[in-house]
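The values are calculated or read from the model by the stated rules, or taken from the named source; none is laboratory data. Everything numeric in this text was worked out from a predicted model, so none of it was measured. Here the Cβ positions follow ideal geometry from the backbone for every residue, glycine too, while neighbour counts run over all protein chains shown.
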Amino acid sequence: MKAKKFVEMCYAEKEIQLKEYMNGNESLVAKLKNDLALSTEQEKILYKLVDTVLTDTYLTLLYALDGIASLGNGKQENFKLYGEDGELVFDSGELEMATYEAFYENKKIKGER
């Protein structure tokens with residue numbers, strides 16, 4: 001697995017989480033959202049809010065793994081991630097570009113901001 005595939009899997013997971021949180025009833029987040037009994041307009045706003053929170057969280061984690069952002073305590077460093085086959089998943093800088101493409105280009109395609 002390489003950087004692009006890894007990031008695409010992260011993006012897909014974010015989309016799965018968003019769908020479950022907003023349209024499902026299995027997760028605690030979905031149950032809490034359903035308890036709010038929101039209007040259609042409020043649901044749209046909440047959707048954007050949850051999508052933004054998930055996106056920001058994934059971006060921070062992926063950028064931190066690549067060494068271009070700090071994680072938690074403010075320490076910034078490069079991490080190495082290896083697949084089951086023992087191969088390095090990404091070199092420094094590869095996650096940044098793959099993350100931008102997966103998260104920002106997908107939003108443009110979907111017509112989101």
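Here is how the numbers come out for the structure above:
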{"read-out": "Selection from the range 17-39 of residues that are under 21 Å from TYR100 (Cβ atoms) and among the hydrophobic types (A, V, I, L, M, F, W, C)", "value": "LEU18"}
{"read-out": "TYR21 surrounded by 15 or more Cβ atoms within 10 Å (Cβ to Cβ), hydroxyl-bearing (Ser, Thr, Tyr) and in contact (Cβ under 8 Å) with a residue 40 or more places away in the chain", "value": "no"}
{"read-out": "Test: residue in the range 78-95 that is at pLDDT 85 or above, under 15 Å from the mean Cα position of the chain (by Cα) and not small (Gly, Ala, Ser)", "value": "yes"}
{"read-out": "Checklist (1) at pLDDT below 90; (2) more than 23 Å from VAL7 (Cβ to Cβ) applied to ASP35, failing item", "value": "(1)"}
{"read-out": "Test: residue in the range 2-16 that is small (Gly, Ala, Ser), within 29 Å of MET97 (Cβ to Cβ) and surrounded by 16 or more Cβ atoms within 10 Å (Cβ to Cβ)", "value": "yes"}
{"read-out": "Members of the range 24-55 found to be acidic (Asp, Glu) and surrounded by 12 or more Cβ atoms within 10 Å (Cβ to Cβ), listed by number", "value": "GLU43, ASP51"}
{"read-out": "Selection from the range 37-73 of residues that are among the aliphatic types (A, V, I, L, M) and over 17 Å from ASN23 (Cβ atoms)", "value": "LEU59, LEU61, LEU62, ALA64, LEU65, ILE68, ALA69, LEU71"}
{"read-out": "Matching residues, the range 21-41, being under 20 Å from THR55 (Cβ atoms) and not aliphatic (A, V, I, L, M)", "value": "TYR21, ASN23, GLY24, SER27, LYS33"}
{"read-out": "Within the range 71-89, tally of residues that are surrounded by 12 or more Cβ atoms within 10 Å (Cβ to Cβ), closer than 22 Å to THR57 by Cβ and without any contact (Cβ under 8 Å) to a residue 12 or more places away in the chain", "value": "1"}
